[in-house]
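A short write-up of the structure that comes next.
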Amino acid sequence: MRWWDIDPVLELEKGLFPEDAWSRGMFWSELAHSRGPEATRRYVVAERAGRVVGYAGLASSGDVADIQTIAVARDHWGTGLGGRLLTELLHAASTFECAEVMLECRVDNVRAQKLYERFGFEPIGFRRGYYQPGNVDALVMRLTDPATSVQGTENNG
């Protein structure tokens, strides 16, 4: 993801997450940490016919990475794009030498939870009222050894 992707990403973000969409400033801040030798972020976009149809981002800190966001346009649900974006983030976590990957997922987003479970993520807790302003709880999930998980999904998927 580059700065020129922010506007189309925001359009998709607002359509998919109307209550708790990220702001332009949030994306700019994340991208500021995604370049150079001290980079701690990896953000990617997926395009189809010149249109952004998905994006994803990961932040690393020490030996732990956090999946910040994954989104796929509704007309691309069920195509495997979410899995490809997640695979890219897990590769990045391995490159950052992270031993585990964490994420939060809305408790009502069963589609995303199933994707994460296929990659070996396990639920470890909840964050009450995490998503605001809707006051929706988050399911916290963890994956240990992302390098092994990526190899397993590539060999079996």
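The values are calculated or read from the model by the stated rules, or taken from the named source; none is laboratory data. These numbers come from a predicted model, not from an experiment. Glycine gets a Cβ as well: all are built from the backbone with ideal geometry, and neighbour counts include every protein chain shown. Protein only, heavy atoms only, side chains kept; ligands, DNA and RNA dropped before computing areas. Shrake-Rupley method; radii C 1.70, N 1.55, O 1.52, S 1.80 Å.
Looking across the stretch 139-157, the residues that are open to solvent by less than 80 Å² (accessible area, probe 1.4 Å) and modelled with pLDDT of 95 or more come down to Leu139, Val140, Met141, Leu143. Does the stretch 22-45 hold any residues that are more than 14 Å from the chain's Cα centre (by Cα) and in a loop (DSSP other than H, G, I, E, B), and which are they? Selection gives Ser23, His33, Ser34, Arg35, Gly36, Pro37, Glu38, Ala39, Thr40. Taking Glu13, is it of a type in the set (Asp, Glu), open to solvent by less than 50 Å² (accessible area, probe 1.4 Å), closer than 19 Å to Ala112 by Cα and not in a loop (DSSP other than H, G, I, E, B)? Taking the combined requirement at face value, the residue satisfies it. Evaluating Glu19 against the criteria (1) over 17 Å from the mean Cα position of the chain (by Cα); (2) of a type outside the set (Gly, Ala, Ser); (3) open to solvent by less than 20 Å² (accessible area, probe 1.4 Å) leaves one unmet condition, (3). Among the residues of the stretch 107-136, those that are over 25 Å from Gly78 (Cα atoms) and free of Cβ contacts under 8 Å to residues at least 60 places away in the same chain comprise Ile124, Gly125, Phe126, Arg127, Arg128, Gly129, Tyr130, Asn135. If I filter the stretch 50-67 for residues that are of a type outside the set (Phe, Trp, Tyr) and in contact (Cβ under 8 Å) with a residue 60 or more places away in the chain, do I get at least one hit? Within the stretch 50-67 (the criterion being of a type outside the set (Phe, Trp, Tyr) and in contact (Cβ under 8 Å) with a residue 60 or more places away in the chain), the answer is yes, since at least one residue qualifies.
Do you know which of the residues in the stretch 22-78 that are among the charged types (D, E, K, R) and under 18 Å from Ala147 (Cα atoms) is surrounded by the fewest Cβ atoms within 10 Å (Cβ to Cβ)? Looking at residues that are among the charged types (D, E, K, R) and under 18 Å from Ala147 (Cα atoms), I get Asp63. On inspection, Tyr116 fails the criterion of being in contact with a Lys or Arg (Cβ under 9 Å, 6 or more places away or on another chain), aromatic (Phe, Trp, Tyr) and over 26 Å from Asp7 (Cβ atoms). Evaluating Arg84 against the criteria (1) of a type in the set (Lys, Arg); (2) exposed (fewer than 13 other Cβ atoms within 10 Å of the Cβ); (3) not in a strand (DSSP E or B) leaves one unmet condition, (2).
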